[in-house]
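Some notes on the structure that comes next.
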């Protein structure tokens, strides 16, 4: 704990410098001010003795020094007439994590985890799914949250990682329901217009098979579902999980299930990659030129991808597409949560890099398909 008198002087000075920007109403300033407010206040509370430990331990960056230094850098940038968070989208005061894009009527809809800057997920629970809409991928209209936890259902603790798919004019959101023991399962909500969502009456719709050490009495991996609708009418679900390794332990895995009606899912087992040694999160599959491309978060390394001529097996790893630029403080602090989509004739890939202290924002980059079957990432959208 820093000397109370010295810290309070720094605290008041930084708040005084920030105050004039609270009179501005443009989104970039409002977003930055909200982040500074949270970081400064979090520093105050931690300096006064507030715990930084959650149910499952301690994350990187939850220190008075980190909170204050980042807030000071943002305030200094505002004073110079700069927007330090330009090109990074989130709701003011929130951290944007796992997400899903839907393109409809010339607009991009994004659904996302509403996390908390300055707090790990097990300290401030992630209990709502957010929704925002844009015509240009730069300016976003924030809509009310569309899905919440429910104490009478499997998701009585948290809701994570929405993955939205459209089929026959109806939208299906496959989200992660998390019970109080942090066991995860895939749940479903439906919508006809992307604004009003109804939870399916028989949730959860997917749990891993016997190949996975899954049990609702303790932490169990079954999250980050996305659904790809293939040309033959079958729908494939991919999700983050683990599987037994045959040696008494478990390894990161990609769970796969198939359906013809979007409600009943048949287990197709799990797939693992040798380059993935922490967790295989946020899988996303797209088909192009007859090939299936799988993008995923290779925790500890960055966003990786693979290709196959089959939606279930035969994946050939193409390596890390978006690596970290500095060594991550923990496996989660890497470019992650990638989705690939086309919008108004151009291709994009998304990324959410978690900064120390749980700052996390959406970033979009141009994506290019190369003749040799690989992809390349271009400039960030600003």
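The numbers here are math on the coordinates, done by the rules we state, and not lab data. Source: prediction; values computed, not measured. Heads up, the Cβs are rebuilt from the backbone with ideal geometry, glycines too, and the neighbour counts pull from every protein chain shown.
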GNM top mover of 55, 198, 70 - the chain, alpha-carbon springs below 10 Å: 55
In Å, descending, principal axis extents of the Cα set of segment 284-335: 38, 17, 15
At 7 Å along Cα-to-Cβ for each site, give me the label-to-label distance between residue 17 and residue 217 in nm. 5.4
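Assign one of three labels to segment 73-211, namely rounded, prolate or oblate, based on the Cα gyration tensor with a ≥ b ≥ c the square roots of its eigenvalues; rounded applies when a/c is under 1.5, prolate when it is not and a/b is larger than b/c, and oblate otherwise. Intermediate results must be reported in sequence, preceding the final value.
On the way: a/c = 2.64, a/b = 1.41, b/c = 1.87.
Cα axes put segment 73-211 in the oblate bin.
From the square roots a ≥ b ≥ c of the eigenvalues of the alpha-carbon gyration tensor of segment 1-102, which class results: rounded (a/c under 1.5), prolate (a/b over b/c), or oblate?
Values: a/c = 2.46, a/b = 1.14, b/c = 2.16.
It comes out oblate by the Cα gyration axes.
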Hey, any idea what the orientation-averaged projected area of the convex hull of segment 283-382's Cα atoms comes to, in nm²? 6.8
Once each part is reduced to its C-alpha centroid, what is the distance from segment 264-316 to segment 57-104 in angstrom? 29
Tilt, helix 64-79 to longest principal axis of the chain (alpha-carbon atoms), in degrees rounded to tens, equals 80
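Please arrange 313, 135 by how many other C-beta atoms lie within 10 Å of their C-beta, fewest to most. Mind showing how you got there, number by number?
Values: 313 11, 135 14.
With the fewest neighbours first, 313, 135 line up as 313, 135.
Could you work out the Kirkwood radius for the chain, taking every pair of different alpha carbons, averaging 1/r and inverting it, reported in Å?
Details: mean 1/r = 0.0464 Å⁻¹.
With all distinct Cα pairs of the chain included, I get 21.6 Å.
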Evaluate E = 1/(1 + (r/R0)^6) for residue 368 and residue 26, where r is the Cβ-Cβ distance and R0 equals 30 Å; express this FRET efficiency to the nearest 0.05. 0.40
Between the modelled labels at residue 376 and residue 10 (7 Å from Cα along Cα→Cβ) the distance in nm is 4.4
Could you check the simple spin-label distance between residue 65 and residue 48, using points 7 Å along Cα→Cβ, in nm with one decimal? 2.4
Springs between alpha-carbon atoms under 10 Å, Gaussian network over the chain: tell me which of 115, 319, 49 tops the mean-square fluctuations. 49
I'd like the orientation of helix 27-47 relative to the chain: the angle between its Cα long axis and the longest Cα principal axis, in ° from 0 to 90, rounded to 10. 70
Of 200, 293, 56, the one that fluctuates the most in a GNM where the chain has Cα springs shorter than 10 Å: 56
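Assuming R0 = 45 Å, what is the FRET efficiency of residue 180 and residue 258, from their Cβ-Cβ distance, to the nearest 0.05?
Working: r = 30 Å, r/R0 = 0.68.
Between residue 180 and residue 258 the formula returns 0.90.
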Please compute the length gained on full extension between residue 103 and residue 342, using 0.36 nm multiplied by the number of residues separating them and subtracting their Cα-Cα distance. 85.2 nm
Using alpha carbons only, how many degrees (0 to 90, rounded to 10) separate the axis of helix 4-18 from the longest principal axis of the chain? 70
